[in-house]
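Novice: The structure under discussion is supplied below as structure tokens; questions concerning it will follow.
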Amino acid sequence: MKKNNLLSSALLLTAAVIWGIAFTAQSALADTVPPFTVNAIRSLIASAALIPAAYVTRRMNGKRLGEGSPADRRRLIRAGLLCGTLLCVSVNLQQFGIALYPSGAPAEAHSGFLTALYVLFVPIFGLFLKKRVGPFVILGVVIAVAGLYLLCLSDGFAGLYTGDIVVLVCGMSFALQILCVDHFIDTVDGVKLSSLQFFVCGVLSAILMLIFERPAPGAILDAWLPLLYLALMSSAGGYTLQIIGQKYSDNPTLASVIMSMESVFATLSGIVFMGIVPKPAELVGCALMFAAIVIAQLPESLLKRKSHEKSS
């Protein structure tokens, strides 16, 4: 299949905008609906919403909704269980982290950029798989540390939020989830995998909700708008756009950079919708962290090209 980078970029950028605004929706829910309840509801709705989408896409390709063989079915179930479990850990850490920010804190800016560090953690975790880390990744990590200091510790350790630590761990968890999806994406249907992983995430979150939380039905009904946004736009829409966008892209570097733009849109969303403007040092920290994300994704061929130009 011929790749279409323009279509891919448009889909991935749309997903980044949707995910960025989702941080504001999550912040709006943080004080009224418990985290496990939020993710149980959004994930189960997203899973159900993706079933007709999977049916339509399969029919367009001349295939039935069901898998063609027992082996394909087992592969899809295994992928859904593994990816869904990691997704459950990731989204619940993220929601818990956002809920821990005090009132008036720039939660969207902090959580958006800290979550986006998954593009640094992915190659770092690759070291454990004996994959070499290039010089741009090392440079990106150094710049990210400087950005983290300005974003989280510009006022010393007194300026470090507990939510920062939780969301940073969330970024690590998302990196593992991305690696898991990447492992299966070429062997299973992308939309069906998305639906199944949200079903697994929703069921696990619902079990945790019943054990640890006592959600108020009135609060859930009052929060229907941000919940539906997270379910239909962020989960069902955003993740499906990501999968389709990556299938059409022949440039994984460009795809990763575009997806990491969610952190920029998260900051802008906090300013526009919540009226919370980060401090100047925090904005510089955000800029450094975004620069780190971009630099970490640069291809090593750039160094070889520069070296060749000098030698000639």
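Novice: Report the trypsin sites (Lys or Arg not before Pro) located in the range 20-119 that are in a DSSP loop and have at most 14 other Cβ atoms inside 10 Å of their Cβ, or state none. Walk me through the intermediate numbers first.
Specialist: Numbers: sites: R42, R58, R59, K63, R64, R73, R74, R75, R78; in loops: K63, R64.
When the trypsin sites (Lys or Arg not before Pro) of the range 20-119 are filtered for loop state and at most 14 Cβ neighbours within 10 Å, K63, R64 remain.
Novice: Given a Förster distance of 35 Å, report the FRET efficiency between K130 and A53 from their Cβ-Cβ distance, rounded to the nearest 0.05.
Specialist: Values: r = 38 Å, r/R0 = 1.07.
The computed FRET efficiency comes out at 0.40.
Novice: What is the Cα convex hull volume of the chain when expressed per residue in Å³? Numbers along the way, then the final one.
Specialist: On the way: hull volume 48.7 nm³, N = 312.
Taking the convex hull of the Cα positions in the chain, it is 156 Å³ per residue.
Novice: For every helix of n ≥ 4 consecutive DSSP H residues, a contribution of -39,500 (n - 2.57) applies; sum these over the chain, divide by its total residues, and give [θ] at 222 nm rounded to the nearest 500 deg cm²/dmol. Please list the in-between numbers first.
Specialist: Working: 15 runs with 233 residues, N = 312.
Theoretical 222 nm ellipticity from helices: -24500 deg cm²/dmol.
Novice: Residue-wise, which Karplus ³J(HN,Hα) couplings in Hz belong to the range 219-229, taking 6.51 cos²θ - 1.76 cosθ + 1.60, θ = phi - 60°, and x for glycine or proline?
Specialist: Calculated HN-Hα couplings, in order: 5, 5, 5, 5, 9, 4, 5, x, 5, 5, 4 Hz.
Novice: Please sort 80-88, 173-181, 98-106 by packing, taking for each peptide the average over its residues of neighbouring beta carbons within 10 angstrom, highest first.
Specialist: Listed from highest to lowest mean packing, they are 80-88, 173-181, 98-106.
Novice: Count the lysine pairs in the chain whose Cα atoms sit under 19 Å apart, keeping only pairs 8 or more residues apart in sequence or on different chains. Don't skip to the end; give the middle numbers.
Specialist: Values: K2/K247; K3/K247; K63/K192; K63/K247; K192/K247.
Lysine pairs, 8 or more places apart or on different chains, close enough: 5.
Novice: In terms of the ratio Rg/(2.2 N^0.38 Å) built on C-alpha atoms, what value belongs to the range 199-242?
Specialist: On the way: Rg = 12.3 Å, N = 44, 2.2 N^0.38 = 9.3 Å.
The value comes to 1.33.
Novice: I'd like the Karplus ³J(HN,Hα) series for the range 98-105: coefficients 6.51, -1.76, 1.60, θ = phi - 60°, whole numbers in Hz, and an x wherever there's a Gly or Pro.
Specialist: 5, 5, 7, 6, x, 4, x, 6
Novice: With each label point set 7 Å from Cα along the Cα-Cβ vector, what nm distance links D186 and T32?
Specialist: That separation, rounded to one decimal, is 4.6 nm.
Every read-out reported here was derived from the displayed coordinates using simple, explicitly stated rules and does not represent laboratory data. Worth saying up front: this structure is predicted, and the values here are computed from it rather than measured. Don't worry about glycine lacking a Cβ; one is built from the backbone with ideal geometry, like all the others, and counts go over all protein chains shown.
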